[in-house]
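Read the structure below first, then the notes.
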Amino acid sequence: MQRSMPRPPLRFSTQTLLLQLAVVLLVVLLSAAVHTWLTYDRVGSEAENQALTLARTVASDPEVRADVLAISGEQGTPPPSELASGPLQVSAEAARTRTGALFVVITDEEGIRLAHPDPQRLGEKVSTDPSEALAGREVTTRNTGTLGASAGAKVPVYAADNSTVVGEVSVGYSMETVGQSVARDIGPVALTAAGALLAGILGSFLLRRRLQRLTLGLEPEEISTLVHDQVAVLQGVDDGVIGVSADGRVSVFNAAAQRMLGLPDLAGTRWEDAPVPDQLAALTSPDRPAADAVELVAGGRVLVANARKALHGREDLGWVVMLRDRTELQELTRQLDAVGTMSTALRAQRHEFANQLHTLAGFMSIGQHRQARDYLATLAATGPLKFPVEQAELLQDPYLQAFVGAKGVEADERGVSLRIGPETLVRGQVTEAQDVTTVLGNLIDNAVNAAVAGAAAEKWVELEVLDEPGDDGGTLHVVVADSGDGLAEGTDTEAVFAEGFTTATGSLNRNNRNGGGQGFGLALARQLARRRGGDVTVLDRGSRGGPGAVFMATLPHTTAGAAARTSETGKDQNG
């Protein structure tokens, strides 16, 4: 026996539609039922009032009062044949025919029928209780008698003295007639209910369609899973993710983006009002190529950003902006460049050592021992390694000596002489090597580029470094000058620190991809310095033909040990 496959559950939007239709139908039916009942009760009350009016009219007729009094005064009740042709029967039937009532019944003081639409019922006691009317009270009723269901009234018939009840008049209108009146009135009600039902169905379908569009056709379980996955992915990745909805609001701003840009969560903020760099905001411009990425400096970091359109089918969901941190990559690249420079210098030194050894071997082979000894003394005085940096011994920190020496070799290969200024004095040791080398390396590279591009015959870069002791770490002061042509006329000294500005062109290089990554050294150096409480400024704009521009960097809390050395030196002098 083949087992039947279970039916798939209804989609949430379909369940919502069916529930809405059921609610709309229930509301319409309840409204129609209540309206019908109120109409029925209103028409019935009108029939009762009409019956009461007719009963009063008949009961107040003098002839009726006199005839009822005459019959009540006699011994017994006249036979039905006599009553059928009597004046009461004629008056009652005339009133019934004239008003369309179901019945007009007249009784004596004991409730015996003196007038009735069915002559065979004359002389019989009425089927409904006449005691209220015979007690002198007018009443309206809805009951079922010998002629069927009716809405009517009972009114007492008084004698001439208006105090003695001698009978009663009972008038009724058929409830079938009331039902027909309700049926006539219920037509508009039914049309209104049908219209309301159709409007509710149409509204339910429109709401279902909008719900599907808003949820992209996903079920609540799928949406819940997507939300959990989104939180896990967005908070787990190292790349910054910014989502901009189609209406221009930030919908996603993950923790990595907050950390890279140094901003709080901007979710819900309008993208055009978000405090992000202009280059980042411009990525979502409609006329910008989607594959065009930009480099920018934010929060002391070098970031690569690009934006992509987010589409679901043909629906535009907005933009997704991706941020990647290239700061560590640039640091590794800079360190690799320094290692490469040192390697090149060591290879040159190896050749020089080989030549020196050959020279010594030559002296020894020809017996010139004195010349060999003098040559060795000369080598011992100059040291095993020699960087092309003048007065490098003023940098007592080994890290600075090695870094500046490597930069000197690199500058020497480009025909630029790197020298240490006479005011240089570093007594402490560098504790924040990464920030120091980033700022110092950018300033030296910028100065070497300017010297190479300058018109001066002698190309040089001069570096002065001074450390200032402090209780919570010393401050490093760096001044870099070059032989270049200085800043171009009209160039604002603050503009050189803008992202994309390069001294190679003297202008903003907005296409960073074609610019080889230039234009970020000074901006990054200033941001790193300011993050530590220092700064990078232009001391001198320079002049064409040299000397060139002079830059100064202040780096607080980057050295240690200078104060201790100073105190030890003072003790030695006092001792």
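The set of residues in the stretch 472-489 being in contact (Cβ under 8 Å) with a residue 60 or more places away in the chain and under 50 Å from the mean Cα position of the chain (by Cα) consists of 472, 473, 474, 475, 476, 477, 478, 479, 480, 486, 487.
Contact annotation: residue pairs with Cβ atoms under 6 Å, 6 or more positions apart or on different chains, pairing a residue in the stretch 136-149 that is part of a strand (DSSP E or B) with a partner that is basic (Lys, Arg) and surrounded by 15 or more Cβ atoms within 10 Å (Cβ to Cβ), are 139/154. Just to be sure I understand, how many residues within the stretch 542-570 are at pLDDT 85 or above and either surrounded by fewer than 16 Cβ atoms within 10 Å (Cβ to Cβ) or within 15 Å of residue 476 (Cβ to Cβ) (or both)? Qualifying residue count for the region: 10. Set side by side, the residues 123, 167 differ, and just one is in a loop (DSSP other than H, G, I, E, B) and touching a Pro at 6+ places or on another chain (Cβ under 8 Å), which is 123.
The selection criterion, being under 55 Å from the mean Cα position of the chain (by Cα), farther than 15 Å from residue 558 by Cα and of a type in the set (D, E, K, R), does not hold for residue 419.
Quick check on the stretch 385-393. Is at least one of its residues part of a helix (DSSP H, G or I), modelled with pLDDT of 80 or more and either among the aromatic types (Phe, Trp, Tyr) or out of contact with any Leu (no Cβ under 6 Å at 6 or more places or on another chain) (or both)? Checked against the condition, which is being part of a helix (DSSP H, G or I), modelled with pLDDT of 80 or more and either among the aromatic types (Phe, Trp, Tyr) or out of contact with any Leu (no Cβ under 6 Å at 6 or more places or on another chain) (or both), the stretch 385-393 yields no hits at all. Taken over the stretch 439-483, the criterion of being hydroxyl-bearing (Ser, Thr, Tyr) and buried (at least 22 other Cβ atoms within 10 Å of the Cβ) is satisfied by 483 alone.
Mind listing just one residue for me: the one in the stretch 92-128 that is touching a residue at least 24 places away in the same chain (Cβ under 8 Å) and among the polar types (S, T, N, Q) and, of those, nearest to residue 143 (Cα to Cα)? Filtering first and then ranking leaves 128.
Within the stretch 518-541, being of a type in the set (A, V, I, L, M) and at pLDDT below 85 holds for 522, 523, 524, 525, 528. What pairs come up if the first residue lies in the stretch 540-561 and is assigned by TED's automatic domain parsing to the domain that holds residue 441 and farther than 26 Å from residue 455 by Cα, the second is assigned to a strand (DSSP E or B) and of a type in the set (Asp, Glu), and their beta carbons are under 7 Å apart, counting only those six or more places apart or on different chains? Listed by first residue and then by second, the contacts come to 554/535; 559/467.
Out of 244, 294, one residue alone is more than 23 Å from residue 523 (Cα to Cα), β-branched (Val, Ile, Thr) and at pLDDT 70 or above. It is 244.
The values are calculated or read from the model by the stated rules, or taken from the named source; none is laboratory data. From a predicted model like this one, the values you see are computed outputs, not experimental measurements. FYI the Cβ positions are ideal-geometry reconstructions off the backbone, even for glycines, and counts take in every protein chain you see.
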